[in-house]
There are 2 protein chains.
Amino acid sequence: MPHDDAPLLAASVQQPDGTPDRLRRQIEFIIEVDRLKDVFRQSPLLAADRKENDAEHSWHLALMTLVLAEYADEPVDTSKVLALVVLHDLVEIYAGDTFLYDTAAAADQEAREQQAADKLFALLPADQRDHFRSLWDEFEERVTPEARFAKAMDRLQPLLLNYGNRGGTWRTPGVTEQDVLTRKSVIKDASADLWHYAQDLIHTGAANGWVPRADPGA
Amino acid sequence: MPHDDAPLLAASVQQPDGTPDRLRRQIEFIIEVDRLKDVFRQSPLLAADRKENDAEHSWHLALMTLVLAEYADEPVDTSKVLALVVLHDLVEIYAGDTFLYDTAAAADQEAREQQAADKLFALLPADQRDHFRSLWDEFEERVTPEARFAKAMDRLQPLLLNYGNRGGTWRTPGVTEQDVLTRKSVIKDASADLWHYAQDLIHTGAANGWVPRADPGA
């Protein structure tokens, strides 16, 4: 993860002379966010023997939104959900990925991410800076149906990777079936059907021994 | 790239008992497309020393759509463009990535991709199979403003990676400035402003010696 005072990736690319200022700022943002492809998560892929990065994770959520939007309990504007999932992890370029089961890192996560959002979205022209920031705030606050559905996708996707990998990060020492159920329960705020399915995945995983029912070390 | 008769990745994951048939099919599709993260392109990243995969490329196009939609010469439905860019490369899971400057591979590209589309979208329930297939056909045919804009994003993004990398795939033997201009000219069907900018990138790259003005071997 780059330090707060690290130079921008975008600063290493000299734009052609005469690029209009607004477009230059937009392109700098587009260059800077290439870094999301180098922020790695804990979740293992299904298709290859490596961990997933935030950019491909975000793409997977967008694809899932197109397939699963029909399960939303409240009407959702799918285009809004797509924007939210495309943007939701951008702050991790500077704040890093916080592992779902790492309670220590979670303590200052919000402050780190707010600071990162300030820095990243400031690259854009002011109107887009404000628009993107409000979308990211909307995702974080989970007050709208679209934000709740986007968060459900964000929680369901690694569940599928862990289940398909017969454990994955469920095998982290100290993590139990109940911890997984607790962390994933926000899915029920968006979709009763998908929450029912998510619980089936977790219970089946526990029955198969991929996540302990209780912490043997506790 | 998996063989045509290779077993589905989705077949390796046993769904929980009692999963409704429609949801089971949708989840199998979502699992199968994890493979897009393992289809690698020729373009080098800016943020890391490796080539880009199709999933993170598709995410980058979605992000670019959110930032650059204002440059479309015709009104575009952004949510449609987002769906098109999220889906546009899925067929490469079975058909592989065809390098833009590989004219031999381009010869049977369409047949390979049509076959791949038949196979992949058949995983979905029939209504979604038809819907996703029609979106992919729309992208390929480039008749609608949304498809033209999505294609412009698909051409502009690797241009930014090559420019930022001071050459990248422009340095492929035999590729000249004129080849790049020709292959990128579909951008002008979507946006005069972005085509102007794309030409500036290519001309500046040629002036800097990152792509030859003419093929020295020709």
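Does segment A:32-53 hold any residues that are within 13 Å of B:Trp59 (Cα to Cα) and either more than 9 Å from every other protein chain (Cβ to nearest Cβ) or among the β-branched types (Val, Ile, Thr) (or both), and which are they? I'd like the intermediate steps shown before the answer.
From segment A:32-53, those within 13 Å of B:Trp59 (Cα to Cα) are A:33-37, A:53; that's our starting set.
Result: A:Val33, single match.
For segment B:36-49, give me the residue count where each residue is assigned to a loop (DSSP other than H, G, I, E, B) and open to solvent by less than 70 Å² (accessible area, probe 1.4 Å). Steps first, please.
From segment B:36-49, those assigned to a loop (DSSP other than H, G, I, E, B) are B:39, B:45-49; that's our starting set.
Those left that are additionally open to solvent by less than 70 Å² (accessible area, probe 1.4 Å): B:39, B:45-48.
Of the residues in that region, 5 qualify.
Go through (1) more than 14 Å from chain B (Cβ to nearest Cβ); (2) in a helix (DSSP H, G or I); (3) under 19 Å from the mean Cα position of the chain (by Cα) for A:Gln178 and report which single condition fails.
Looking at each condition in turn, A:Gln178 falls short on (3).
Tally up the residues in segment B:83-141 that are in a loop (DSSP other than H, G, I, E, B), free of Cβ contacts under 8 Å to residues at least 24 places away in the same chain and not polar (S, T, N, Q), please.
From segment B:83-141, those in a loop (DSSP other than H, G, I, E, B) are B:88-91, B:96-102, B:108, B:122-125; that's our starting set.
Filter once more, so that each one left must be free of Cβ contacts under 8 Å to residues at least 24 places away in the same chain: B:98, B:102, B:108, B:122.
Then keep just the ones that are not polar (S, T, N, Q); that gives B:102, B:108, B:122.
Residues meeting the conditions: 3.
When the residues of segment A:19-35 are filtered to those that are open to solvent by 10 Å² or more (accessible area, probe 1.4 Å) and either in contact with a helix residue (DSSP H, G or I) (Cβ under 7 Å, 6 or more places away or on another chain) or outside any loop (DSSP other than H, G, I, E, B) (or both), which remaining residue is farthest from A:Pro125 (Cα to Cα)?
Taking segment A:19-35 and keeping what is open to solvent by 10 Å² or more (accessible area, probe 1.4 Å), we get A:19-22, A:24-25, A:28, A:35.
Pick out the ones that are also either in contact with a helix residue (DSSP H, G or I) (Cβ under 7 Å, 6 or more places away or on another chain) or outside any loop (DSSP other than H, G, I, E, B) (or both) and you get A:19, A:21-22, A:24-25, A:28, A:35.
Details: A:Thr19: 14, A:Asp21: 9, A:Arg22: 6, A:Arg24: 9, A:Arg25: 6, A:Glu28: 11, A:Arg35: 20 Å.
Checking each candidate, the answer is A:Arg35.
Does A:Ser79 count as open to solvent by 30 Å² or more (accessible area, probe 1.4 Å), at the interface with chain B (Cβ under 7 Å from one of its Cβ atoms) and either in a helix (DSSP H, G or I) or in contact (Cβ under 8 Å) with a residue 12 or more places away in the chain (or both)?
Details: open to solvent by 30 Å² or more (accessible area, probe 1.4 Å): yes; at the interface with chain B (Cβ under 7 Å from one of its Cβ atoms): yes; either in a helix (DSSP H, G or I) or in contact (Cβ under 8 Å) with a residue 12 or more places away in the chain (or both): yes.
Here the answer is yes, as A:Ser79 does meet what is asked.
Suppose we filter B:Ala72, B:Ala117, B:Ala62, B:Ala107 for residues that are more than 12 Å from chain A (Cβ to nearest Cβ), on the phi < 0 side of the Ramachandran plot, open to solvent by less than 10 Å² (accessible area, probe 1.4 Å) and not basic (Lys, Arg); which single one remains? If you could, list the steps in order and put the result at the bottom.
Working: B:Ala72 fails: open to solvent by less than 10 Å² (accessible area, probe 1.4 Å); B:Ala62 fails: more than 12 Å from chain A (Cβ to nearest Cβ); B:Ala107 fails: open to solvent by less than 10 Å² (accessible area, probe 1.4 Å).
The conditions single out B:Ala117.
Would it be correct to say that A:Arg213 is in a loop (DSSP other than H, G, I, E, B), within 14 Å of another protein chain (Cβ to nearest Cβ) and of a type in the set (Lys, Arg)?
Values: in a loop (DSSP other than H, G, I, E, B): yes; within 14 Å of another protein chain (Cβ to nearest Cβ): no; of a type in the set (Lys, Arg): yes.
For A:Arg213, the condition - in a loop (DSSP other than H, G, I, E, B), within 14 Å of another protein chain (Cβ to nearest Cβ) and of a type in the set (Lys, Arg) - is not met.
The values are calculated or read from the model by the stated rules, or taken from the named source; none is laboratory data. Everything numeric in this text was worked out from a predicted model, so none of it was measured. Positions of Cβ are generated from backbone atoms using ideal geometry, with glycine treated the same way; all protein chains shown enter the neighbour counts. Note: accessible area is taken over every heavy atom of the protein model, side chains too, but ligands, DNA and RNA are not part of it. Shrake-Rupley method; radii C 1.70, N 1.55, O 1.52, S 1.80 Å.
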